[in-house]
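See structure below.
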Amino acid sequence: MTRFLTVAALLVASSTAATAQMPGMPGMSHDMHHETSPKVSAKARKQIDDVAKTVSVFGTTAAASNSGFRPVFGWIPTMSVHWVAGGQMMNGRQANLKSPSQLMFSKINGRDSLVGAAYGYFTALADTIRPVLFDGAPAWHEHRDLAPPGGTLVMLHVWFVPSPDGPFAGTNPNLPFWALGLAAPDSVRMRRADFKERVYRASLALSEIADSSFLFPNLERRPDVQAVVVPRRDSIRSLVPELLAAQQAKDTVRWDKAMEKAASHWDAIYQAYVGTTRTKAGRDRVEQVVQMLLGKHEG
């Protein structure tokens with residue numbers, strides 16, 4: 001919990017913000033989010049495009065840094081690296097559509113790429129009114145553990161890249177696939193709850209070999225966790241070429257088998273993390289973080 005309160009302090013203390021946009025990415029158009037979000041209105045789609053175009057000058061981490069944004073936490077597997085402009089975090093409901101308080105970077109084919117932006121502000125728990133920035137009033141989510149006592153951090157993501165749950169989803173399971181040079185899972189099949197659930201677990205498995213620094217670094221150093229995590233990561237690593245080959249051959253059955261193996265490896269790693277916690281509070285914290293990564297934010 002101390003770590004999260006420290007981050008909250010960093011968010012508040014960060015310098016003033018600027019605006020940002022996604023650079024061109026290999027094999028991707030910035031408007032591809034339209035394909036996986038049929039319920040988003042034409043007006044909301046145009047608003048997303050306008051945000052992306054408006055913030056075009058900050059398409060690299062160097063540009064973000066020069067403009068006062070600072071990375072917090074590191075790479076969060078299904079949420080990217082959040083670069084935060086803390087000054088805007090205090091603006092509350094005065095959030096400006098074209099001035100997001102956070103930029104979201106994630107690696108795609110080995111390159112740090114701006115995959116989205118986020119709006120966020122601190123407010124009291126009793127404050128349930130949320131700004132309407134985009135047409136259709138997409139839902140904001142909360143991170144109460146990142147706010148001072150009695151408060152909450154309210155956030156709204158907007159993805160510039162394809163996201164199976166739409167451009168305003170709290171998480172995007174495509175990120176670990178892209179980080180390893182793989183294609184995103186089939187967006188049509190992601191509409192099936194059982195398939196999406198397995199993909200999310202496989203996504204967290206892939207994150208273990210892409211960059212596990214965010215998850216539970218203190219836990220993973222324990223010998224009993226290492227005994228599970230190290231061989232499982234080796235097995236997950238061996239699945240990457242299998243997924244790539246299946247993807248290139250358009251072999252859905254082969255891809256599914258590799259994806260399901262990855263998901264089962266994640267299950268074992270997760271149980272190792274949970275099983276090594278020494279207090280109920282620690283266990284609850286691990287479970288809370290994992291639920292968040294699986295797309296189950298606080299509403």
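No value in this document is a laboratory result; all are computed from the given coordinates. Just so we're clear, the structure is a prediction, and the values are computed from it rather than from any experiment. As a convention, Cβ positions derive from the backbone with ideal geometry for all residues, glycine included, and neighbour counts pool all protein chains shown.
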If I model a spin label at Gln271 and Asp186 as a point 7 Å from the Cα along the Cα→Cβ vector, what separation in nanometres do I get? 2.9
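Pop the C-beta distance of Arg222 and Gln288 into the FRET formula with R0 = 22 Å and round what comes out to the nearest 0.05. Could the numbers behind the result be given before it?
On the way: r = 20 Å, r/R0 = 0.90.
Efficiency at R0 = 22 Å is approximately 0.65.
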Please give the net charge around Thr277, taking every other residue with its beta carbon less than 11 angstrom from that of Thr277, where Lys and Arg add +1 and Asp and Glu add -1. +3
Calculate one ³J(HN,Hα) per residue across the range 169-178 by plugging θ = phi - 60° into the Karplus curve 6.51 cos²θ - 1.76 cosθ + 1.60, and present them in order as whole Hz with x for glycine and proline. 5, x, 9, 9, x, 5, 4, x, 5, 5
Provide the per-residue ³J(HN,Hα) series for the range 180-187, in order, calculated from phi with Karplus coefficients 6.51, -1.76, 1.60 and θ = phi - 60°, each as a whole number of Hz, with x at glycine and proline positions. 9, x, 9, 6, 5, x, 3, 5
Computed from the beta carbon distance with a Förster radius of 22 Å, FRET efficiency for Ile129 and Ser41 to the nearest 0.05 stands at 0.50
Using amide H atoms built in the peptide plane, which far-off residues or other-chain residues are under 5 Å from Val115 H to H? Met104, Phe105, Ser106
Protection proxy (average C-beta count within 10 Å per residue), highest first, orders 99-105, 165-171 as 99-105, 165-171
May I ask you to evaluate 6.51 cos²θ - 1.76 cosθ + 1.60, the Karplus curve with θ = phi - 60°, for each residue of the range 279-292 and list the ³J(HN,Hα) values in order in whole Hz, giving x for glycine and proline? 9, 5, 4, x, 5, 4, 5, 4, 5, 5, 5, 5, 4, 4
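If each residue's Cβ is checked for other Cβ atoms within 10 Å, how do Lys196, Lys53 rank with the fewest at the top? All intermediate terms of the calculation are to be shown ahead of the outcome.
Numbers: Lys196 18, Lys53 12.
Taking fewest neighbouring Cβ atoms as first place, the list is Lys53, Lys196.
Quick one: how many lysine pairs does the range 189-293 have with C-alpha atoms less than 29 Å apart and a gap of 8 or more or different chains? Give me the count, please. Please report the intermediate quantities before stating the final value.
Details: Lys196/Lys250; Lys196/Lys257; Lys196/Lys261; Lys250/Lys261.
Close lysine pairs under the 29 Å cut-off: 4.
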14 Å Cα-Cα reach of Lys39 towards aspartates and glutamates, excluding residues that sit fewer than 8 places from it in its own chain: Asp135, Asp165
Could you list log10 I(q)/I(0) for the range 189-293 at q = 0.13, 0.20 Å⁻¹, which the Debye formula gives when each Cα is one point scatterer? -0.49, -1.02
Ranked by how many other beta carbons lie within 10 Å on average, peptides 109-120, 256-267 from highest: 109-120, 256-267
Exposure proxy ranking, count of Cβ atoms within 10 Å, fewest first, for Lys107, Lys46: Lys46, Lys107
Could you work out how far the C-alpha centroid of the range 225-241 sits from that of the range 266-286, in angstrom? 18
